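J.: Sending over a structure as structure tokens; questions will come in a sec.
The values are calculated or read from the model by the stated rules, or taken from the named source; none is laboratory data. Keep in mind the model is a prediction, meaning the values are calculated, not measured. Reconstructed Cβ throughout: ideal geometry from the backbone, glycine too, with neighbour counts over all protein chains shown.
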Amino acid sequence: MSVPLLDLNAQNLALEDELKAAFERVLHSGQFIMGPEVDGLETRIAAMLGVRHGIGVSSGTDAILLALMALGIGPGDEVICPTFTFFATAGCVARVGATPVFVDSCPTCFNLRVDEVARTITPKTKAIIPVHLFGQAAELDGILDLARAHDVAVIEDAAQSLGAEYNGRPVGGFGAFGTFSFFPSKNLGGFGDAGMVVTNDDELAAKARSLRTHGAKPKYYHKYIGGNFRLDPLQAALLSVKLPHYREYTGKRRANAAYYTEELSRLPGVAIAGGGGKSCQNGGSDEGDRGARVVLPAMHGQRAHIWNQYTIQVLGGKRDALKVALNEKGIGTEVYYPVPLHRQECFAYVQPRESLPLAERLSKVCLSLPVYPELTVAQKDEVIGAIATVLGGSEAGPEQRKPAPSVRGSL
Ligand SMILES: *Cc1c(COP(=O)(O)O)cnc(C)c1O
């Protein structure tokens, strides 16, 4: 049985009739730039997140870029962001001419370490970009405290965390800006590129809206140098078909993650990150994982995880072998992310560059498993069984080799 890392058709084709109707609506409207479809999605996302403004944009990357531009960040400025994240977080910082300053990440929650941020702030720091990685909020209290104390802006890169919560509130509305992506592999996956910027600040919202269309207001009068960062009405219409199902999608991802954690944690050599359930404030530790061969992702009580990725850590240098073994059984996995950003060739100029050991380690051990909402029980069991087989067979010598636990029987 094949288990792809992500099956877009399973979700989208279930809504085929409604999606076609939305396409026809836009086709017949004749309006292909801005208008009520975009306004509608902006209003619905803002309401869902409890923020004043939603600003539809062309991608999650452009959302970050627009936020940085609206904050006036540019040459000579430093922006602190995690090194263990998708490229766009730091790429946008460099594109506005500012310098990305990379910090290390927590081995328990994968998010940037507050103590490292504190150590890295200088008078040149203009913003901090916490990334809510894999669907779980970063340690926002500590970051917001530091930002207030040093008068720097916070841009939440919530591309992977639409609807994830921190202390009971959706992420995105804590900082000056929150940025989201509707790239097909994100939890609200669109039909191409799309994104959204959110903010509670009326002035910043007005500036971001203006910058989204070349900084013009009114048309052909340019106060700022902006760009074309608009969200297409067609994309907004199609996303609006999926949005009412979002709560259900998230519920299924959570159930899948809980099932993996429940079943995988029964296997020998498997531990839960941070000892399970403990907070990892200011970095956490993996002490509780000593002796484990596979470490499962932790879910913190005060942070409603939305499981964009279910990312395990495979220790003992066995990550790539497990990936190959699962692939041979038709199970798709991915390494997010094999090279931390401070080790990327294009950022070689960001000097002096110290070692960021926790992120470097994560890049060697992380492996994300299929966790998309439409996974069947049989597919999840296939993944669990395959991991059990590999774990059961990898260390014991031929004469002591224990039979791999059968999926349904002994798990
Ligand atoms: C996907 C992603 C982005 C970029 O979003 P796009 O829509 O692909 O441009 C930015 N940051 C993070 C953390 C992401 O996962």
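J.: Can you find even one residue in the stretch 257-277 that is surrounded by fewer than 19 Cβ atoms within 10 Å (Cβ to Cβ), at pLDDT below 95, acidic (D, E) and away from the ligand (no atom under 16 Å from the Cβ)?
T.: no
Residue-wise test of (1) surrounded by 24 or more Cβ atoms within 10 Å (Cβ to Cβ); (2) within 11 Å of the ligand (Cβ to nearest atom); (3) under 17 Å from V79 (Cβ atoms).
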{"site": "T122", "(1), (2), (3)": "no, no, yes"}
{"site": "P130", "(1), (2), (3)": "yes, yes, yes"}
{"site": "E139", "(1), (2), (3)": "yes, no, no"}
{"site": "L146", "(1), (2), (3)": "no, no, yes"}
{"site": "A153", "(1), (2), (3)": "no, no, yes"}
{"site": "R169", "(1), (2), (3)": "no, no, no"}
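J.: Kindly indicate which of A63, A70 is within 19 Å of the chain's Cα centre (by Cα) and buried (at least 24 other Cβ atoms within 10 Å of the Cβ).
T.: None of the others qualify; the one that does is A63.
J.: Restricting to the stretch 59-117, name every residue that is away from the ligand (no atom under 16 Å from the Cβ), out of contact with any Ser or Thr (no Cβ under 8 Å at 6 or more places or on another chain) and either aromatic (F, W, Y) or not in a loop (DSSP other than H, G, I, E, B) (or both).
T.: A70, T99, V114, D115, E116, V117
J.: Now for a different question. What are the pairs, 6+ residues apart or on separate chains, where a residue within the stretch 174-201 that is over 21 Å from R52 (Cβ atoms) and of a type in the set (S, T, Y) has its Cβ under 8 Å from a residue that is at pLDDT 95 or above and more than 11 Å from the ligand (Cβ to nearest atom)?
T.: S185/L6
J.: Here is a follow-up. Which residue pairs have Cβ atoms under 6 Å apart, sit 6 or more places apart or on different chains, and have a first residue in the stretch 85-102 that is in contact (Cβ under 8 Å) with a residue 60 or more places away in the chain and a second that is near the ligand (Cβ under 9 Å from one of its atoms) and of a type in the set (D, E)?
T.: T89/D157
J.: If A388 satisfies all but one of (1) surrounded by 21 or more Cβ atoms within 10 Å (Cβ to Cβ); (2) of a type outside the set (F, W, Y); (3) touching a helix residue (DSSP H, G or I) at 6+ places or on another chain (Cβ under 7 Å); (4) farther than 24 Å from L188 by Cα, what's the number of the condition it fails?
T.: Here A388 clears every test but (3).
Residue by residue, here is whether (1) surrounded by fewer than 17 Cβ atoms within 10 Å (Cβ to Cβ); (2) within 16 Å of the ligand (Cβ to nearest atom); (3) among the basic types (K, R) holds:
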| residue | (1), (2), (3) |
| --- | --- |
| D202 | yes, no, no |
| R212 | no, yes, yes |
| K219 | yes, no, yes |
| L239 | no, yes, no |
| K242 | no, yes, yes |
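J.: A further question follows. Only residues that are within 11 Å of the ligand (Cβ to nearest atom) and of a type outside the set (A, V, I, L, M, F, W, C): list them for the stretch 171-187, please.
T.: T179, S181, P184, S185, K186, N187
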